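In what follows, a single structure is set out as structure tokens and then discussed.
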Ligand code: PHE
């Protein structure tokens, strides 16, 4: 409708001076006229000038002055042409609001001289305020200065801004009717290829958002953890075996066979294959020894160590099982210091609730070198966690069968104003390291934490089931922001 009207009108006329008037005259909606002008202009059918006009409404006071004249004019008129009048008399004869405004505005305009007695300074004045207001009421435009003046005196207030077009004329591609050009090559329009005119490419148009894959928040956080470890010079351990023997998961770590964690209430044991195929026999012998009767300055646990218990297959309960394999492998060659890390899944037969599942990802780091101390462990943890954005951490003594001393790590959550338990750490016991064959001055400092916990905090997840398992919503994954750990604090 509007398009035909505009293109048709320009066929016989030079220009449309004002889009608003044009819309009124042709009984069209001005918004639609504007949209059509914009689009036709884009295709070069027409040219037009965008116009933006502020409009104003008169305030009640403004309306009053427009009808009755300004207070300063009334004030002036009440002063005799010759001689003086006392200010008290003026106050008496004038309306209080007229007196109040008039007595400041009239002297300001140098119409009257004020004292206890008031006299005229000029004989004739023009009520410009009233005139300006009348002009505005008639829809005439005022200059900027006048508008500012009236606005400051609170006689007018801004109303809706008017936008439209003026000087609408034919453009370089003018035609009385818009041609809809094809944008695709189809069989039909190829049949007519000689006359085929395609729509031009719009290189400025934004493309469709790509429906590509999206990383899960756990993977995003894992990547950042990985980067931090790599920046600190750590190598990744191979963690591609969820199934582990009790030997590597517990025995090698000097965890006694009657330890409650080795119960099926805490650990998932495998039915098939229920036992491991092979273990390094000479090392198994040394582990048995250290459990039963100690050595390396230890008294051991004083119980009968059973091979069958060590053979049982399970789903690894911690990635420290991988650390024990790696340290054993390291002990075989001439000693070299190492920094290892891993981030992978572990399994525990736990009651499932809002924050716990039977599986989670463990982040594990360890440093193996001669003469390391508890001070090294504290320093490394401080560095590691500050790179994660947690610079305020503290430690509490705790117990692990494989570390001595052991420390629980808490971090201060600045946003919540509370301490959160964030990890566990310690120095691996000689009863674990020496049977492997590591030199006796070699110390290993190590720590572990879960990947889920920081991810839940970072991605504001209240229930772990929103993060892991069949209740995960793909939409949430798609929309989850990038992980900025280790970026902001770098
Ligand atoms: N394996 C421990 C856990 O499951 C973490 C840990 C790793 C503790 C290394 C001390 C040293 O919590």
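Where a number appears in this text, it was derived from the coordinates with a stated rule and is not lab data. It should be emphasised that the depicted structure is a prediction, and the values quoted were computed from it without experimental measurement. Glycine also receives a Cβ, built like all others from the backbone with ideal geometry; neighbour counts cover every protein chain displayed.
Give me the log10 of I(q) over I(0) for the range 319-413 at q = 0.11 Å⁻¹, as the Debye formula computes it from C-alpha points; what are the numbers? Relative scattering, expressed as log10 I(q)/I(0), comes to -0.42.
Would you work out if the range 235-283 is rounded, prolate or oblate? Take a ≥ b ≥ c from the square roots of the eigenvalues of the alpha-carbon gyration tensor; rounded if a/c is under 1.5, else prolate when a/b is larger than b/c, oblate otherwise. Judged from the Cα gyration tensor, the range 235-283 comes out rounded (a/c under 1.5). May I ask you to derive the FRET efficiency for residue 190 and residue 4 from their Cβ-Cβ distance with R0 = 22 Å, giving the value to the nearest 0.05? E(calc), rounded to 0.05, equals 0.15. Where does helix 374-387 land angle-wise versus the long Cα axis of the chain, in degrees 0 to 90, nearest 10? Once rounded, one gets 30 degrees. Inter-part distance, the range 420-490 to the range 22-96, computed on C-alpha centroids, equals 68 Å.
If you model the range 379-490 as an ellipsoid using its alpha carbon gyration tensor, with each semi-axis the square root of five times an eigenvalue, the axes come out at 32, 17, 14 Å, biggest first. The angle between the Cα long axis of helix 96-108 and the main principal axis of the chain comes to about 90°, on a 0 to 90 degree scale.
Summary of the geometry: the range 340-387 and the range 131-146, compared by the centres of their Cα atoms, lie 75 Å apart.
Counting only Cα atoms, the range 59-158 measures 41, 24, 19 Å along its principal axes, largest extent leading. Net length available on complete extension from residue 264 to residue 25 is 77.3 nm, with 0.36 nm assigned per residue and the Cα-Cα distance removed.
Residues of the range 235-258 with an amide N closer than 15 Å to a point placed 7 Å from the Cα of residue 304 along the Cα-to-Cβ direction: 257-258. Using the alpha-carbon atoms, what tilt in degrees (0 to 90, nearest 10) does helix 2-12 show relative to the longest principal axis of the chain? Taking the Cα atoms of the chain, the angle to 2-12 is about 50 degrees. The value of relative contact order for the range 418-490, using C-alpha pairs under 8 Å at least six residues apart, is 24 percent.
Ranked from largest, the principal axis spans of the Cα set of the range 63-122 equal 33, 23, 17 Å. Could you let me know the centre-to-centre spacing of the range 170-221 and the range 232-294, using Cα atoms, in angstrom? That distance is 62 Å.
Across the chain, Cα pairs under 8 Å and at least six residues apart give a relative contact order of 14 percent. The Stokes-Einstein estimate for the range 144-246, based on a Kirkwood radius over Cα pairs and taken at 25 °C with 0.890 mPa s viscosity, is a diffusion coefficient of 103 µm²/s. Normalised by residue number, the volume inside the convex hull of the Cα atoms of the chain is 332 Å³ per residue. With the convex hull of its Cα atoms as the shape, the range 427-490 has an orientation-averaged projected area of 7.8 nm².
Spin-label pair residue 476-residue 399: with each label point 7 Å from Cα along the Cα-Cβ axis, the two points sit 3.8 nm from one another.
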